[in-house]
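Peer 1: Pasting a structure below so you can have a look.
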Amino acid sequence: RQRHLTIPCEMCIRDRVQGWLALGTRLRPGDLLSFVRRDAATARAALADAVGRLCRACPGGRPGAVLALGDVGRGPGLFGRAGVEAGMLRGLLGDVPLVVVDGHGVVADGRRQALATMLVGLPGGGR
């Protein structure tokens, strides 16, 4: 079975002298690799876009509550300090009940890493 792995560049170890690259996973023949470079501005824009899509999908244009699940590559390492995404979400969602979980793993669907914060909207909005 072919796998498509997305590898954040900051999670790779490069040996420029030998030309080696350590990925932290075993590769199989036929695996497809994508390398991505994360940056804070793109992450902020993607989160704002995700909140917009979530709100448009909710009755009344607003979820009743939101659960945000972030992966290990986000947070202080990406934004320079803790709480940036939680603050953004609070600003975008207003007084919607909000739970933000900073994970120590990667949000993925079994084929490729999402490299983002996953938002789960719960019913009850539309005030």
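Peer 1: Within the bounds of region 21-40, is there any residue that is in contact with a Lys or Arg (Cβ under 8 Å, 6 or more places away or on another chain) and closer than 16 Å to V100 by Cβ?
Peer 2: No, every residue in region 21-40 fails to be in contact with a Lys or Arg (Cβ under 8 Å, 6 or more places away or on another chain) and closer than 16 Å to V100 by Cβ.
Peer 1: So, in region 40-60, how many residues would count as being modelled with pLDDT under 90 and farther than 24 Å from A82 by Cα?
Peer 2: 2
Peer 1: Also: Please list, ordered by residue number, the strands (runs of 3 or more DSSP E) wholly in region 1-89 having 3 or more residues that are open to solvent by 40 Å² or more (accessible area, probe 1.4 Å) and over 30 Å from G124 (Cβ atoms).
Peer 2: The strands (runs of 3 or more DSSP E) meeting that bar are 13-15, 20-22, 32-36.
Peer 1: So which residues in region 90-127 are surrounded by 14 or more Cβ atoms within 10 Å (Cβ to Cβ) and at pLDDT 75 or above, if there are any at all?
Peer 2: Answer for region 90-127, where residues must be surrounded by 14 or more Cβ atoms within 10 Å (Cβ to Cβ) and at pLDDT 75 or above: R90, L92, L93, V96, L98, V100, D102, M118, L119, G121, L122, G124.
The values are calculated or read from the model by the stated rules, or taken from the named source; none is laboratory data. The structure displayed is predicted, hence computed values, not measured ones. Quick reminder, even Gly has a Cβ in these numbers, built from the backbone with ideal geometry, and neighbours come from all protein chains shown. In case anyone asks, the SASA skips ligands and DNA or RNA and just uses the protein heavy atoms, side chains included. Shrake-Rupley method; radii C 1.70, N 1.55, O 1.52, S 1.80 Å.
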